[in-house]
Each structure stands twice: as C-alpha cells, then as structure tokens.
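Trainee: Before I ask anything, let me first share the structure, which is written out below as structure tokens.
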Amino acid sequence: MWIRSTMTYRFSFAMTLLANFVVTFFDFVVILLMFTHVEGLGGFGFAEVAFLYGTTSTAFGLADLALGQVSRIGRRVRDGTLDTLLVRPAPVLAQVAADRFALRRLGRVSQGLFVLVWSLVLLDLDWTVLKVCLVPLMVLSGAGIFGSVMVAGAAFQFWARDAAEVVNSFTYGGNTLLQYPPTIFARELVRGVTFVLPLAFVNWLPALYVLGRPYPVDLPESTAFLPPLVTAVCALAAGACWRAGLRSYRSTGS
C-alpha cells in the first residue's frame, strides 16, 4: 500500500530518492576530504577505507529499508495504537516494519553500492573464489546483524517507552564506526564490538580478510567466515527480545 502510494507521484519519488542519495553521500565526502590531506588512515589507503564504507553502508541501508520503521514502536506503545496491530491476523513485527514503508531509503542502499563498486575497481588485490564470495556474503549478513539490533532496540522500547535515540546510537552509530578501519580505535572498543555487540562481523572481520589485513584482536582467519552464524544467533536473540517485549505490553488503559 505504501509503495503504491509513493509511486503515485513518480517525479516526487525520484526527487526524494535523489535527495536521499545525495544527503547520505555527504558521509563519504568527509572521507574524501580527509584523504586530500593524508595518504592513509590507520595504515589503510583510500580504496581500503572506501571498501569498508561501501560494505557497511550497503548492509545498513538494506536493514534500514526493511526494518527502519520499527524504531517508531515507542510512539505506538505510549499512545496505545499498538492495540490496532494486535487484533489483525498478521505478525505484529511485520506490520510495524511495513508501517509508512519508505521506499526513498533505496537512496542509501544505492549510494553504498556505488561506493562499494568504486572501491572494488580501485583495489589491487589477489582475488580468490573465497574473497569474491565473501563480499556479497558480508553485505547480506551485515544487513541481518543490523536488522537484529533494530528489532532488539524496538523491543527495549516496550519497557523504556521512548528510547529511539538510544537505539540509534547502536545502529546509526555502529554504521559510522564501521566506516573506518579498526586500527584507529582503542582495543577495548574493538573487543566490545567483537565479543559483546558483534558489529565487527558486519564488515571488519570479513573485510580485513579480503584486504589481507590482520585484525587488531588476535583471532583465527576462519573467523571471517562466521558472519552468517553470528547473524543467525543475533536474529534468534532479537526474536526472543521482541516476543518478551510484546508479552509485557499492557496498553494505556484508555
């Protein structure tokens, strides 16, 4: 319904899509400007940083397109309109994700893909079958990890009522973090996004294998192929959080 509504005014949709592409591209402009003054960042060249940027931005864009609307759940919990979704013969999570579905978010996905393809052209690597397969795998797995964080954050709002910005610090903040090489961050932070909130599996671990770079935290190379497993674990945990949050919902009493 929301897609049909959006496509009714196709020129307007095209302009909002273009605007979304341009606005999100400004994140990459910061990196471009940075590399006009330095030759490397934490030992990484421009093409390598662009590869990190492209993989995480595409993954986050896909997750944001599919599940970005779940951040609105706090408002429905506060005003009691979640009751409307509970009486419908459809999964509540699917309804929340589809509510006001914003097709313009394809601009973020296309922008990330543009930078990713550009970086692949610039990179001078010894490509193998494993490395080639790992690129789309990390993007899809990264989207699943980001999506799981979004769902778990939405579930948290059943108790917190208004915690959208807290969740954004892990989703949007995590996306920004992963756009840069892990070598510029403190080792404690790198450990945190590896063993606590496993955002490093979105792109750092598999991307560094593709680039032939060592990971700051001592881990075997095989860890680079774990993102699908980590995604599955995150999805199960997020699903459990969502069901627990939904069971705790008591409406507004009005």
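Trainee: Counting only residues that are surrounded by 18 or more Cβ atoms within 10 Å (Cβ to Cβ) and among the aromatic types (Phe, Trp, Tyr), give me the helices (runs of 4 or more DSSP H) lying completely in the range 141-227 with at least 2 of them.
Mentor: 204-211
Trainee: May I ask you to list the residues in the range 37-61 that are part of a loop (DSSP other than H, G, I, E, B) and in contact with a strand residue (DSSP E or B) (Cβ under 9 Å, 6 or more places away or on another chain)?
Mentor: Listed by number, the list is empty, since nothing qualifies.
Trainee: Another one. Determine whether residue 107 is out of contact with any His (no Cβ under 6 Å at 6 or more places or on another chain) and under 18 Å from residue 203 (Cβ atoms).
Mentor: no
Trainee: Determine whether residue 100 is modelled with pLDDT under 90 and in a helix (DSSP H, G or I).
Mentor: Spelling it out, it is not the case that residue 100 is modelled with pLDDT under 90 and in a helix (DSSP H, G or I).
Trainee: Out of 246, 236, report the one residue that is assigned to a helix (DSSP H, G or I), loosely packed, with under 13 Cβ neighbours inside 10 Å and either hydrophobic (A, V, I, L, M, F, W, C) or under 20 Å from the mean Cα position of the chain (by Cα) (or both).
Mentor: 236
Trainee: Tally the residues that are of a type outside the set (Lys, Arg) and within 13 Å of the chain's Cα centre (by Cα), restricting the search to the range 70-105.
Mentor: Adding up the residues that qualify gives 0.
Trainee: Search the range 67-94 for residues being more than 17 Å from residue 170 (Cβ to Cβ) and small (Gly, Ala, Ser), and hand back the single one that is modelled with the lowest pLDDT.
Mentor: Checked the range 67-94; the qualifying residue modelled with the lowest pLDDT is 80.
Trainee: For the range 11-43, enumerate the residues that are under 14 Å from residue 184 (Cα atoms), touching a Ser or Thr at 6+ places or on another chain (Cβ under 7 Å) and either surrounded by 13 or more Cβ atoms within 10 Å (Cβ to Cβ) or modelled with pLDDT under 90 (or both).
Mentor: Result: 42, single match.
The values are calculated or read from the model by the stated rules, or taken from the named source; none is laboratory data. The shown structure was predicted, so the numbers you read here are calculated from the model rather than taken from an experiment. Positions of Cβ are backbone-derived with ideal geometry, glycine not excepted, and every protein chain shown enters the neighbour counts.
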